[in-house]
Amino acid sequence: MARKKVALWYIHNDSTRLNTLKKRTKNLMKKASEVATLCNAKACMLVYGEGTTMLEVFPSNAEAVAILNRFKSIPEVPQLKKTMDQETILSKRLVQLRHQVEKIRREHKDCEPRILLHKAMVSGHLPGNIEELTTMAWKLEIILKSVGERITKRNGQPPVYQAQAPYVTSGMGMGSPMYQALRQQHEG
């Protein structure tokens, strides 16, 4: 059974606050001892209580002083190797968020033509906007090309569909079949 979440705010009652400090200090020292044992690492802990002149030290005063002196003797670069300031954390997070936004934009850009194609296939009517038609045609070319590549890869035979060169729309009756179908739909 899990414990309930503890609300983190200042305890106004003096006796309750001091009892809580004693219990948590004892638990923290036990955890520091476990971490030092499990990881074969040197660990020390200093706890300054509110209104007390004596500080609590883990494992002992002499060992804590030795550990702290050893830490202070290490050059500054290895000391700070894994530490980060707020600016570094925020800049890394910003880079991650930018990558996520770019990924979502690419997915959205890929979904729009698919939705248009699906609507055209379900309803049987082509959209009236030239931009939507070009987007549909572009996506359809990509889909057909990838399907053809898969067929070729699987069967070893060339694909049934061959991409055509874009049509020139300078004259009457010229243009892509999609454009002609749109023109007939508007005229009819």
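Where a number appears in this text, it was derived from the coordinates with a stated rule and is not lab data. Only a predicted model underlies this, so the values are computations on that prediction, with no experimental measurement involved. Neighbour counts are summed over all protein chains in view; Cβ atoms, including those assigned to glycine, are modelled from backbone coordinates with ideal geometry.
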* Pairs beyond 28 Å (Cα-Cα), from Lys30/Lys92; Lys26/Lys92; Lys4/Lys26; Lys31/Lys72 -> Lys30/Lys92; Lys26/Lys92
* Report the one residue of Ser73, Asn61, Thr37 whose Cα lies farthest in the direction of the positive end of the charge dipole of the range 14-79 (charges on C-beta: Lys and Arg +1, Asp and Glu -1; origin at the Cα centre). => Thr37
* Asked: Once phi is turned into θ = phi - 60°, what whole-Hz ³J(HN,Hα) does the Karplus curve with 6.51, -1.76 and 1.60 give for every residue of the range 121-131, x standing for Gly and Pro?
  -> 5, 6, 7, x, 10, 7, x, x, 9, 5, 4
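Can you give the charge dipole size of the range 14-79 about its Cα centre, rounded to the nearest 20 debye, using +1 on the beta carbon of Lys and Arg and -1 on the beta carbon of Asp and Glu?
Rounded to the nearest 20 debye, it is 200 debye.
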* How far is it, in nm, from the label point at Arg106 to the one at Leu38 when both lie 7 Å from their Cα along the line to the Cβ? -> 3.9
